[in-house]
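The values are calculated or read from the model by the stated rules, or taken from the named source; none is laboratory data. Predicted model only: the values in this text are computed from it and were never measured. Because the Cβ atoms are built from the backbone with ideal geometry, glycine has one as well, and the counts that use them run over all protein chains shown.
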Amino acid sequence: MKKIINPWLDLVKDGYNCFGCAPGNRYGLKMEFYEDGDDIVSLWKSSDDYQGWLHTLHGGIQSTLMDEIAAWAVARKLQCAGMTTRLDIRFHRPVPTGPDVTVEVRAHVREVKRNLAFIDARIEYGGEICSEASMVYYCFSREKSASDFYFSGCSTEDEQ
């Protein structure tokens, strides 16, 4: 797996504080991302701070994890910024929380039609799929990605 460099890190002083991926957001998920072939992967350490039921990850946080990794799939694989236009989730089994719990969040771009990207994502724990999502992302032009979303490209450490 190749570590993906966060292209927005230089914008912290300008207000970059994404709940999903900003490393300095004290309440955020602090996700980091890797490229594994066609997939984008995040190994995320769960916390009781994000539980719904006792020691169980809140469904909204699961949704956020999959939505965030889909955005990174668009950024890395399509080299543009995008936004969620549809998010369909199936919850199969509880995702535990706690200091020793690391879940795998994985996504890939299934298809691109014009300016729409169709993305599949899932959360796994202990070798089992706990939740799955299919999403549609609207992909902005490279010009709009740069001017409105400060996106200048998404590379891996070995490409630097």
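Has the range 69-85 got any residue that is assigned to a strand (DSSP E or B), at pLDDT 95 or above, charged (D, E, K, R) and over 15 Å from THR102 (Cβ atoms)?
Scanning the range 69-85, I find no residue that is assigned to a strand (DSSP E or B), at pLDDT 95 or above, charged (D, E, K, R) and over 15 Å from THR102 (Cβ atoms), so the answer is no.
Regarding the range 30-47, can at least one residue be identified that is surrounded by 15 or more Cβ atoms within 10 Å (Cβ to Cβ), more than 23 Å from GLY127 (Cβ to Cβ), out of contact with any Ser or Thr (no Cβ under 7 Å at 6 or more places or on another chain) and of a type outside the set (Ser, Thr, Tyr)?
Yes: the range 30-47 contains one or more residues that are surrounded by 15 or more Cβ atoms within 10 Å (Cβ to Cβ), more than 23 Å from GLY127 (Cβ to Cβ), out of contact with any Ser or Thr (no Cβ under 7 Å at 6 or more places or on another chain) and of a type outside the set (Ser, Thr, Tyr).
Against the definition (of a type outside the set (Lys, Arg), touching a strand residue (DSSP E or B) at 6+ places or on another chain (Cβ under 9 Å) and at pLDDT 95 or above), how does SER63 come out, yes or no?
Criteria met by SER63.
Under the condition of being in a helix (DSSP H, G or I) and among the hydrophobic types (A, V, I, L, M, F, W, C), which residue from the range 1-34 is nearest to the chain's Cα centre (by Cα)?
LEU9
Do we have any residue at all in the range 55-78 that's among the acidic types (Asp, Glu) and crowded, with 17+ Cβ neighbours inside 10 Å?
yes
Okay, residues lined up against (1) in contact (Cβ under 8 Å) with a residue 24 or more places away in the chain; (2) of a type in the set (Phe, Trp, Tyr):
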| residue | (1), (2) |
| --- | --- |
| ARG106 | yes, no |
| GLU111 | no, no |
| ASN115 | yes, no |
| PHE140 | yes, yes |
| ASP148 | yes, no |
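Looking only at the range 9-18, decide whether some residue is surrounded by 15 or more Cβ atoms within 10 Å (Cβ to Cβ) and either basic (Lys, Arg) or in contact with a Cys (Cβ under 9 Å, 6 or more places away or on another chain) (or both).
No; the residues of the range 9-18 include none that is surrounded by 15 or more Cβ atoms within 10 Å (Cβ to Cβ) and either basic (Lys, Arg) or in contact with a Cys (Cβ under 9 Å, 6 or more places away or on another chain) (or both).
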